[in-house]
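Worksheet: the structure to be examined is printed underneath.
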Amino acid sequence: MAIHGQDGPTAARNWLAGLQQDIQEGALSDDQRTDLLTQLKVLGRDLSNVKALYNKSGFSVLGHYGFGEFPRRTAREALRCMANALLLIPQTQNYFADLGFLPKAVDGLRLEDNEDEFLLSRVLFLMTYNKTASFEEIADKFHLCDSIIEHIRRHASDAQALDSDPTATSALSETLKLLFNIVHAHPKYAAQLATAVPALLRTVASSSTPSPPLQPPLTWKLNALASLDFSASPEGDNIEASLGSDLPATLDKLISILDETLKVYKASQLDTEAMPLITTLQKINAAAGGGETRQKMKAALLPKDSERDLPLGQSSSLASRLLRITTHPGLGNIPEAVSSLLFELSDKDAVSYIQNVGYGYAAGYLMTHNIAVPGGIQQPSTGKGSVPINPVTGQRLDREPEQPLPNMTREEKEREAERLFVLFERLKATGVVDVQNPIQQAQGSGRIEELEDSDDSN
């Protein structure tokens with residue numbers, strides 16, 4: 001990239017030299033400093049232009065303007081240069097820590113400004129990957145978690161801006177990425193950051209859903225929610241108390257997002273993309289107690305009695321699509337997550353789970369988790385209105401189609417009888433069960449007669 005006859009590395013070196021000279025002489029105006037930093041920011045997007053420049057001394061120049069007493073527009077351009085360097089040149093993360101910029105960045109995050117929030121959250125997000133920085137000591141001293149929580153609450157209180165102001169959306173996204181990394185890299189802060197759960201859920205309810213739904217900024221919100229422990233939030237035993245009137249709208253939005261997600265994404269995409277959404281619903285269910293929230297989730301996600309005219313999983317409802325995911329071949333994560341959600345919505349009770357989804361869908365999950373199946377559960381049960389239900393398929397018995405037995409020739413009947421005889425003898429020989437072969441039993445009771453060779457009946 002040539003700049004006014006200079007190649008990119010040469011231009012970058014000259015501009016950085018101009019800034020270094022300004023530190024010594026103070027000869028540049030604020031506009032000139034900002035312009036040089038802007039040009040350096042553009043060139044800094046290409047590693048080849050700045051790799052040789054951003055040693056410790058060169059990087060310190062950026063920090064001088066980013067955290068010094070300069071107009072915010074000048075400081076922000078310097079912070080953008082630093083963010084590019086931290087991303088492209090990992091060694092600069094060590095410089096950032098060694099030069100004392102980390103406490104300045106954490107302290108600066110207290111500013112209630114979307115541009116500053118965006119830049120400082122991004123810089124701190126990148127610094128969570130550095131293992132040498134005294135991250136926890138500085139985070140404690142300058143109350144990093146408090147700043148993150150306050151920014152989330154600020155955005156939740158002005159939801160319209162999240163739909164109309166791209167800067168606000170980007171700022172919240174960077175803060176949520178920072179939150180996610182802190183929880184995973186520094187788990188000691190998970191409980192403190194969980195106090196942001198109500199505000200986070202409110203941002204989901206009050207902002208529009210993108211199409212297709214699982215894309216930023218929604219995905220950052222769901223990732224953050226999935227990483228937090230709802231029970232550690234205020235009044236965590238009853239999340240309805242902490243969210244109040246916002247919870248129904250939040251839950252409606254999440255269920256609507258799930259419904260749309262299952263319609264527009266391929267099964268292979270769901271295995272990773274939909275996991276934070278399912279996890280968030282699980283956490284709401286676990287924290288909601290036995291109130292209206294859980295009943296609403298059961299009504300939306302478990303099969304309704306009206307679906308039992310067919311075997312469960314064959315209708316087009318959201319509940320049926322969830323059931324089909326649990327048995328979809330080739331998926332690794334999402335079947336287990338969905339099965340867990342449905343089991344938890346069944347109050348973690350094996351009998352209720354089987355009655356809700358049918359033994360055919362429940363058996364694999366129960367066996368995998370060593371959950372005992374009560375005796376007699378595979379006998380027909382009754383649903384609401386005392387209608388007998390097939391326990392395996394979940395279908396009403398009076399709606400099952402009659403299956404006429406196929407016509408068999410005498411030879412086919414004899415071969416089938418021989419096959420069954422052998423199977424029962426093998427089963428008896430295993431010693432697992434002690435049964436009398438039903439064919440022998442029938443012969444002993446006189447219910448089987450030897451056919452004459454001339455009998456050619458079918």
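Between Ala17 and Ser211, 0.36 nm times their residue separation minus their Cα-Cα distance comes to what?
That pair, Ala17 and Ser211, stretches by 65.1 nm at full extension.
About its Cα centre, what dipole magnitude does the stretch 83-206 give when the only charges are +1 on Lys and Arg Cβ and -1 on Asp and Glu Cβ, stated in debye to the nearest 20?
380 debye
Compare the Cα positions of Leu88, Phe125, Gly108 along the charge dipole of the stretch 81-130 (+1 at Cβ of Lys, Arg; -1 at Cβ of Asp, Glu; about the Cα centre) and return the one farthest towards the positive end.
Leu88
Using the number of other C-beta atoms within 10 angstrom as an exposure proxy, rank Ser206, Ser121 with the fewest first.
Exposure proxy ranking, most exposed first: Ser206, Ser121.
Within the stretch 289-327, find all residues whose amide N lies under 14 Å from a label point positioned 7 Å from the Cα of Lys263 along Cα-to-beta-carbon.
The answer is 316-319, 321, whose backbone nitrogens lie closer than 14 Å to the label point.
Which residues' amide hydrogens lie under 5 Å from the amide hydrogen of Ile389, considering only partners 5 or more residues apart or on another chain, with H built in the peptide plane?
For Ile389, whose amide H was placed from the backbone, the distant partners under 5 Å are Ser381, Thr382, Gly383, Leu397.
Would you be so kind as to identify which of Ala75, Ser29, Ala97 lies farthest towards the positive end of the dipole of the stretch 1-99, taking Lys and Arg as +1 and Asp and Glu as -1 on Cβ and the Cα centre as origin?
Ala97
With unit charges on the beta carbons (Lys and Arg positive, Asp and Glu negative) and the dipole taken about the Cα centre of the stretch 262-350, which residue among Leu341, Leu262, Gln295 sits farthest to the positive side?
Result: Leu262.
Residue by residue through the stretch 246-261, what is 3J(HN,Hα) from phi via Karplus (6.51 cos²θ - 1.76 cosθ + 1.60, θ = phi - 60°)? Round to whole Hz and write x for glycine and proline.
So the Karplus estimates, Gly and Pro as x, are 7, 5, x, 5, 4, 5, 4, 5, 5, 5, 5, 5, 4, 4, 5, 4 Hz.
With θ taken as phi - 60° and the coefficients 6.51, -1.76 and 1.60, list the Karplus ³J(HN,Hα) couplings across the stretch 362-368 in order, rounded to whole Hz; mark glycine and proline as x.
7, 4, x, 5, 5, 5, 4
Go through the stretch 239-338 and name the trypsin sites (Lys or Arg not before Pro) that are in a DSSP coil and have 11 or fewer other Cβ atoms within 10 Å of their Cβ.
Loop-located and lightly packed - Lys266.
What spacing in nm lies between the two simple spin-label points modelled at Glu292 and Ile371, each 7 Å away from Cα in the Cβ direction?
2.8 nm
Determine, from the Cβ-Cβ distance of Asp309 and Ala363 and an R0 of 25 Å, the FRET efficiency 1/(1 + (r/R0)^6), rounded to the nearest 0.05.
0.65
Counting Lys +1, Arg +1, Asp -1, Glu -1, what net charge surrounds Phe142 among other residues with beta carbon under 12 Å of its beta carbon?
-2
Which value, in debye to the nearest 20, gives the size of the charge dipole of the stretch 1-99 about its Cα centre, when Lys and Arg are +1 and Asp and Glu are -1 at the Cβ?
For this selection, approximately 300 debye.
In sequence order, what are the phi-derived ³J(HN,Hα) couplings for the stretch 219-226 according to the Karplus relation 6.51 cos²θ - 1.76 cosθ + 1.60 with θ = phi - 60°, rounded to whole Hz, with x for glycine and proline?
Once rounded to whole Hz, the list reads 4, 5, 5, 5, 4, 5, 4, 5.
Using the Cα centre as the reference, give the magnitude of the dipole from point charges on the C-beta atoms of the stretch 302-398 (Lys, Arg: +1; Asp, Glu: -1; all else neutral), rounded to the nearest 20 debye.
So the dipole magnitude of the stretch 302-398 works out to roughly 120 debye.
Take the alpha carbon atoms of the stretch 1-99, find their radius of gyration, then divide it by 2.2 N^0.38 Å using N residues; give the quotient.
Rg over 2.2 N^0.38 Å, computed on Cα atoms: 0.98.
Cα-based Rg (one decimal) and Dmax (whole number) for the stretch 219-364, in Å?
Looking at the stretch 219-364, its Cα Rg and Dmax stand at 14.8, 44 Å.
Excluding Phe67 itself, calculate the net charge of residues whose Cβ lies under 10 Å from the Cβ of Phe67, where each Lys or Arg counts +1 and each Asp or Glu counts -1.
Surrounding charge for Phe67 is -1.
The numbers here are math on the coordinates, done by the rules we state, and not lab data. Keep in mind that what you see is a predicted model, and the values were worked out from it rather than measured. Positions of Cβ are backbone-derived with ideal geometry, glycine not excepted, and every protein chain shown enters the neighbour counts.
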